[in-house]
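First the structure, in the form of structure tokens, and then the observations on it.
FYI, it's all coordinate maths here, none of it is from the lab. This is a predicted model, so every value here is computed, not measured. No Cβ is skipped: glycine too gets one built from the backbone with ideal geometry, and neighbour counts run over all protein chains shown.
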Amino acid sequence: MIPYLRRRQNIKIYTNGVEICSLLGEAGLSVYCLGGALLPRSMAFVGEDAINVARSVYFDDLFFSCGGFDNHTVTDYSESEAQLRRVLLQQSNHKYLLCDSSKVGKTFHYIICRDKDLTEIIS
């Protein structure tokens, strides 16, 4: 997504990913980190602090990923990341799932949403 975002001007980007935050900053984009507790495995911020920031912002477009997509259901292996994504989905007008073929047909324990809740799936 970052190469596409570099072409955009006058947008604010929120993320909970450490690497994404860094790359967006290096690209000169206006980036905000949701903050919270760091999950070392995914290098993502989660928890109540991140959720509180997410609840205080309206998002035009949400682009997010998952652990698995099967039977019309988007799932993840991390309870805290799934919880944050559910809040972000509630706060967003357009919802885009970024899902490569390695995630299709996989199911994890924590449900994020159903495909009917999405604007589009980008694969």
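Points to keep in mind about this one:
- The listed residues are SER92, SER42, SER65, and the only one of them that is polar (S, T, N, Q) and over 16 Å from LEU118 (Cα atoms) turns out to be SER42.
- Count of residues meeting criterion [touching a residue at least 12 places away in the same chain (Cβ under 8 Å), in contact with a strand residue (DSSP E or B) (Cβ under 8 Å, 6 or more places away or on another chain) and under 22 Å from TYR4 (Cβ atoms)] in region 21-42: 8
Residue by residue, here is whether (1) of a type in the set (S, T, N, Q); (2) surrounded by fewer than 19 Cβ atoms within 10 Å (Cβ to Cβ); (3) outside any strand (DSSP E or B); (4) more than 14 Å from the chain's Cα centre (by Cα) holds:
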| position | (1), (2), (3), (4) |
| --- | --- |
| ASN52 | yes, yes, yes, yes |
| THR75 | yes, no, no, no |
| SER80 | yes, no, yes, no |
| LEU97 | no, no, no, no |
| LYS106 | no, yes, yes, yes |
| LYS116 | no, yes, yes, yes |
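- Residues that are surrounded by 18 or more Cβ atoms within 10 Å (Cβ to Cβ) and of a type in the set (Ser, Thr, Tyr), drawn from region 15-41: THR15
- With respect to the stated conditions, PHE69 is surrounded by 14 or more Cβ atoms within 10 Å (Cβ to Cβ), over 14 Å from the mean Cα position of the chain (by Cα) and not in a loop (DSSP other than H, G, I, E, B).
- Residues that are touching a Ser or Thr at 6+ places or on another chain (Cβ under 8 Å) and either of a type in the set (A, V, I, L, M) or not in a loop (DSSP other than H, G, I, E, B) (or both), drawn from region 54-66: PHE59, ASP60, ASP61, LEU62
- Close pairs from region 87-99: first within 19 Å of ASP76 (Cα to Cα), partner surrounded by 15 or more Cβ atoms within 10 Å (Cβ to Cβ) and charged (D, E, K, R), Cβ under 6 Å, at least 6 apart: LEU89/LYS95
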